[in-house]
Amino acid sequence: MGFRYYLLRRVLLIIPVLIGLSIVTFVISHMVPGDPIRLAAGPQATAEQIHKLEEEFGVDKPLPVQYLNYMRGLFKGDLGISMMNRHPVAMDLRRYFPATLELVLVSTVLGVVIGVPMAMAAAVFRDRWPDQVSRIVALSSISMPVFWLGMILQLILGMTWHLLPISGRFDPRVPFPPNVTGMLLVDSLVAADLHSFGIALKYIALPAFCQALLGIALITRLLRADILEVMERDFVIMARASGVPERVILFKYVLKNALIATVAMMGFLFGWQLSGSVMIETVFDWPGVGLYAVKSAMTLDFMPIMGITLLVGLLFTIVNLLVDISYGVIDPRIRYG
Amino acid sequence: MSVAVGARGWWGRWRAENQGLIEEWRRSLYRFRQSRLSVLGVAIIIFLLFVAFTGRYWVPYADDAGFTTHVEIRLQGPSRDNLFGTDEYGRDVFTRTVWATQISLIAGTVIVLVGGVIGIVLGGIAGYFGGAVNELIMRLTDIMLTMPGIFLALAITAALGPSILHAVVALSITWWPGYCRLVQAQVLSIREEDYVEAARCIGANRPRIIFNHILPNCLSAIMVKASMDFGFAVLSLAALGFIGVGAQPPVPEWGAMISKGREFLPYGWWYSTFPGIAMFLTVFGFNILGDGFRDVLDPRARR
C-alpha cells in the first residue's frame, strides 16, 4: 500500500511541475523584444501579410489567452505549429527525439562501463598511480570543452586518418533500417541487419564518446569516495576478518552499498547530458532535439522552444522518479514515504 | 604559538583574539598544500589572472582584439610573428586568445556571483522562515531544476538578441537554483543547532541570527560549490558563444573563436585549437582548485 501510494503521489506531482515549467517558458519566450513574425515573414513582407500571419498563429491576442489556447491544444497532444517550417511541433519532436535518446543512452552506458572500473581501480589502489591517473582523467574530462574536443577528434580521426565519419547519423548512401523505435542501433538489430548496425555504431562513436566524458568523470569521483567510505564500515572489516576473499568483498559487499549515491546521480547525469546534447549535436550535426532547439532559438520560433522545454522537463522528472524507485531495488532497507 | 596581548598594535591584538581561527586556517592551508594538484590549480589561476589583467599591455598586436584586417597574412600557421597563427582576417590568434581571458574570467565571476547571491538569499529565506514561504520558493526552485539550464539560457539569449552581455544575463538568472537548494538544506539543519537556539534565547534578533550565526556556517559548502561552478560557468558562456547566441564578432571570446575556426578547420587547425587549450586550462585550473577546497572544507570528503 505504502509504495503504491508513494508512486501515485509522485506521478501526480509531475503535473503541477510541468504547468509551472510551461508558464515560466511561456513568459520568457514571449517577453522578447525581437519580432518573430517579422522574421518568419521575411524582409519584404507587407503590413497586411504580417497581420495575416499574426492571426494565423494567434499572437495578436493577449498573452493569457494565448497561454490558455496553448494549454488547450496540449491536452489533445497538439504542441502548436512551427512558424519557420510550418510543421506541427509534435511531429518534429517525434522525429528528432529518438536520435537524442539514442545518443544519451549510449553515452550513459559508456560512462558507466568506463567510469565504474576506473572508480574501483582508484579506490583499491588508493593514492597510488591508478588513483592519480583516474583523478587526472576525471578532472580533465570535466574541464574539457566538449564542442572543442569534438572538433579536434573530427579533425584527427575523421579528416586526417579517415577512421570515423565526421558528422551526421547514418551513411546517406545506405537505406535506413525499417523504422521501429527511431533509434538506428535498435532498429538495425530488430531487422537483424548487422551491416547497418556497424554503420550506425561508427557514426555514433565520436558524439557518444564526447557526451560520455562528463559521466565518466562524475561516476569516477563519486563512486571512488563512496567505495572508500564503505570499505571502512564494520561489516567489511568483519568479512575481511572472517577470511572472505578481497574480490568477493569488493564486488558483493562494497560495490553494492557504494553504488547508491551513483545511481542517485544518474538522474542529474541524464539532465546534464540532455544539456550537453545541444553542443554535441551542433558539432556533429546530429539531427536531434538539441540541434532543433538551437535552430528554433535562433529564429525565435516559440512553439518548438515551448515543446522542447516541456519534453525535456517531463523526461527529467520521469528519470528522477525512476531513480528514486530504483533505490529500493538496490537497497531494500529504504522505505518510501 | 602564543602572542602577547597588545604587543604589536591592532594586528597583534587581532591575532591574539582569533588564535583559534588562525590555527584552523593554518591547518587548512597545510592540508591544501599537501595536495600537489591543488597547488597546481592555484598556480594556473594566478597565471591566468596575470594574463587577464596585464595582457592588454604586452600582447603583440593590441589592435587585433577589435576589428582589423590584414588580408595579406590571413590564415597563416603558427610562426615567430604569430605564435598561434592568424585568423581569416589576418588577425593574431595569440592576441585574441589572451584578450579573451579577461572577458571569460569577468563573465564567469559575474555569473557565479549573481546566481550565487540570488540563490543564497532565496535559500536562506526559505530555510529560515519555512512554512508557506519555503514551499513557494522551493517549488519554484524545483521547476527551475527540472529544466537543464542551457535550454532556458538558449531561449533567453535568443529572445534578448545575441550578445555576450545577454548571455551573461541569461546564465546568471538560470544559475541560482543549485545554490538555493544547497543553502536551504544547510539552513534547515543549522537552524536547529544549539548555538542558534542559545542566540535566540539571549534575544538576538533575526538578522543577527541569520547573518552572524547561520550564514557563516553555510559558507564552506557555498565556497566549494562556487569554485567548482566557476569553470562550468566559463564553459557555459563559451558554449553559448559557440552556438552563436553569445559573444558576437569582433569581440574576442573563446567559444566564438572556436566556432569561427570550425569553418577553417581542415586547413587552419590552429584557429580553433589554441583558444580551446586556453579554455581547457582555465576550467581545469578552477576545477582542481575546487577539488582541493572540497578536500579541505568538506569533512565527509576528507580522507
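The values are calculated or read from the model by the stated rules, or taken from the named source; none is laboratory data. None of the values given here were measured: they were computed from a predicted structure. Note that each Cβ is placed from the backbone with ideal geometry, even for glycine, and that neighbours are counted across all protein chains shown. Only protein heavy atoms, including side chains, enter the accessible area calculation; ligands, DNA and RNA are left aside. Shrake-Rupley method; radii C 1.70, N 1.55, O 1.52, S 1.80 Å.
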Task: Shape category assigned to segment B:1-111 from the gyration tensor of Cα positions, a/c cut at 1.5 - done: prolate
Open item on the list: Can you give me the % of accessible surface on segment A:118-236 that is carbon or sulfur? Probe 1.4 Å, all protein chains present, nothing else counted.
Closed with: 68
Task: Cα gyration tensor shape of segment A:94-148, rounded if a/c is under 1.5, else prolate or oblate by comparing a/b with b/c - done: oblate
Task: Check: chain A dipole with +1 on Lys, Arg Cβ and -1 on Asp, Glu Cβ, in debye - done: 900
Open item on the list: Give me the one-decimal nm value for the distance between modelled label points at residue B:106 and residue A:85, 7 Å along each residue's Cα-to-Cβ direction.
Closed with: 4.0
Task: Estimated [θ] at 222 nm from DSSP helical runs (n ≥ 4, -39500 (n - 2.57)) normalised by residues in chain A, nearest 500 - done: -24000 deg cm²/dmol
Open item on the list: Leaving out ligands and nucleic acids, and using a 1.4 Å probe, what accessible area per residue does chain B come to in Å²?
Closed with: 48
Task: Rel. contact order, % - alpha carbon contacts under 8 angstrom, at least six apart, segment A:1-144 - done: 9
- [ ] Identify, among A:222, A:107, A:290, the residue whose Cα sits farthest towards the positive end of the charge dipole of chain A, taking +1 on the Cβ of Lys and Arg and -1 on the Cβ of Asp and Glu, with the dipole about the Cα centre.
- [x] A:222
TODO: List every DSSP H helix in chain A whose Cα atoms extend 27 Å or more along the helix's own long axis and whose mean Kyte-Doolittle hydropathy is at least 1.6.
DONE: A:302-330
TODO: Tabulate in residue order the Karplus-calculated ³J(HN,Hα) for segment B:222-235, using 6.51 cos²θ - 1.76 cosθ + 1.60 with θ = phi - 60°, rounded to whole Hz; enter x for Gly and Pro.
DONE: 5, 4, 4, 5, 5, 6, 5, 6, 4, x, 5, 5, 4, 5
Open item on the list: With a 1.4 Å probe, what is the total accessible area buried between chains B and A, in Å² rounded to the nearest 100?
Closed with: 4200
Task: Accessible area in square angstrom per residue, chain A, 1.4 angstrom probe - done: 49
Task: In order through segment B:288-296: 3J(HN,Hα) via Karplus (6.51 cos²θ - 1.76 cosθ + 1.60), integer Hz, x for Gly, Pro - done: 6, 5, x, 4, x, 3, 5, 4, 7
TODO: For peptide A:138-144, compute the average count of partner chain beta-carbon atoms within 10 Å of each residue's beta-carbon.
DONE: 6
Task: P(r) weight above 13 Å for segment A:36-83, C-alpha pairs, percent - done: 60
Task: segment B:160-208-segment A:243-301 distance, computed between alpha-carbon centres (Å) - done: 28
Task: Counted charge near residue A:317, where neighbours are those whose Cβ lies closer than 10 Å (Asp, Glu -1; Lys, Arg +1) - done: 0
- [ ] Taking the Cα centre of segment A:196-337 as origin, work out the dipole magnitude from +1 charges on Lys and Arg Cβ and -1 charges on Asp and Glu Cβ, in debye rounded to 20.
- [x] 380
TODO: With a 1.4 Å probe and every protein chain kept in, tell me what percent of the accessible surface of segment B:183-303 is carbon plus sulfur.
DONE: 61
TODO: Describe numerically, in nm with one decimal, the distance between label points set 7 Å from Cα along Cα→Cβ at residue A:181 and at residue A:72.
DONE: 3.9
Open item on the list: Using only the Cα atoms of segment A:282-337, what are the Rg and Dmax in Å?
Closed with: 17.1, 51
- [ ] First measure r as the distance between the Cβ atoms of residue A:6 and residue B:42, then evaluate 1/(1 + (r/R0)^6) with R0 = 56 Å and state the FRET efficiency to the nearest 0.05.
- [x] 0.75
- [ ] Report the semi-axes of the equivalent ellipsoid for segment B:131-215 in whole Å, largest first, where each axis is √(5λ) for an eigenvalue λ of the Cα gyration tensor.
- [x] 36, 14, 9
Task: Computed magnitude of the charge dipole of the protein assembly as shown (debye, nearest 20; Cβ of K, R +1, Cβ of D, E -1) - done: 1700
Task: Value of Rg/Rh across segment B:53-176 [Cα atoms, Kirkwood radius] - done: 1.20
Task: Nearest-0.05 FRET efficiency for residue A:127 and residue A:235, computed from C-beta distance (R0 35 Å) - done: 0.90
- [ ] Pick out which of A:227, A:308, A:152 has the largest mean-square fluctuation in a Gaussian network model of chain A, springs linking Cα atoms closer than 10 Å.
- [x] A:152
Task: residue B:63/residue B:117 FRET efficiency (R0 41 Å; Cβ-Cβ; nearest 0.05) - done: 0.65
Open item on the list: Taking each residue in A:283-296, count the Cβ atoms of any other chain within 10 Å of its Cβ, then average. What number comes out?
Closed with: 2
TODO: Return one number: the angle in degrees, 0 to 90 and rounded to the nearest 10, between the long axis of the Cα atoms of helix B:19-34 and the longest principal axis of the Cα atoms of chain B.
DONE: 40
TODO: Just add up the charged neighbours of residue A:48: K/R +1, D/E -1, any other residue whose Cβ is under 14 Å from the Cβ of residue A:48.
DONE: -2
Open item on the list: Using only the heavy atoms of the protein chains and a 1.4 Å probe, how would A:61, A:295, A:76 rank by accessible area, largest first?
Closed with: A:76, A:295, A:61
Open item on the list: With unit charges on the beta carbons (Lys and Arg positive, Asp and Glu negative) and the dipole taken about the Cα centre of segment B:61-176, which residue among B:94, B:116, B:79 sits farthest to the positive side?
Closed with: B:116
TODO: Give the shape of the protein assembly as shown as rounded, prolate or oblate, defined through the alpha-carbon gyration tensor: a ≥ b ≥ c are the square roots of its eigenvalues, a/c under 1.5 means rounded, and otherwise the shape is prolate if a/b is larger than b/c and oblate if not.
DONE: rounded
Open item on the list: Need one number: nm distance between label points at residue A:30 and residue B:54, each 7 Å from Cα along Cα→Cβ, rounded to one decimal.
Closed with: 5.5
- [ ] Taking the Cβ of residue B:180 as the centre, find all other residues whose Cβ is under 12 Å away and add up their charges (Lys, Arg: +1; Asp, Glu: -1).
- [x] +2
- [ ] Report, to the nearest 10°, how far helix B:36-58 tilts away from the longest principal axis of the Cα atoms in chain B, using its own Cα long axis and a range of 0 to 90°.
- [x] 50
Task: Built amide H within the under 5 Å cut-off of residue A:81, gap 5+ - done: A:89
- [ ] Tabulate in residue order the Karplus-calculated ³J(HN,Hα) for segment B:93-110, using 6.51 cos²θ - 1.76 cosθ + 1.60 with θ = phi - 60°, rounded to whole Hz; enter x for Gly and Pro.
- [x] 5, 4, 4, 5, 5, 5, 4, 5, 4, 4, 4, 5, 5, 5, 4, x, 4, 4
TODO: With N set to the residue count of segment A:71-122, report its C-alpha Rg divided by 2.2 N^0.38 Å to two decimal places.
DONE: 1.87
TODO: Please arrange B:219, A:155, A:63 by accessible surface area, largest first, computed with a 1.4 Å probe and ligands excluded.
DONE: B:219, A:63, A:155
Open item on the list: Suppose only helical runs count, i.e. DSSP H with n ≥ 4. What mean residue ellipticity at 222 nm does that imply for chain B under -39500 (n - 2.57) per run, divided by all residues and rounded to the nearest 500 deg cm²/dmol?
Closed with: -24000 deg cm²/dmol
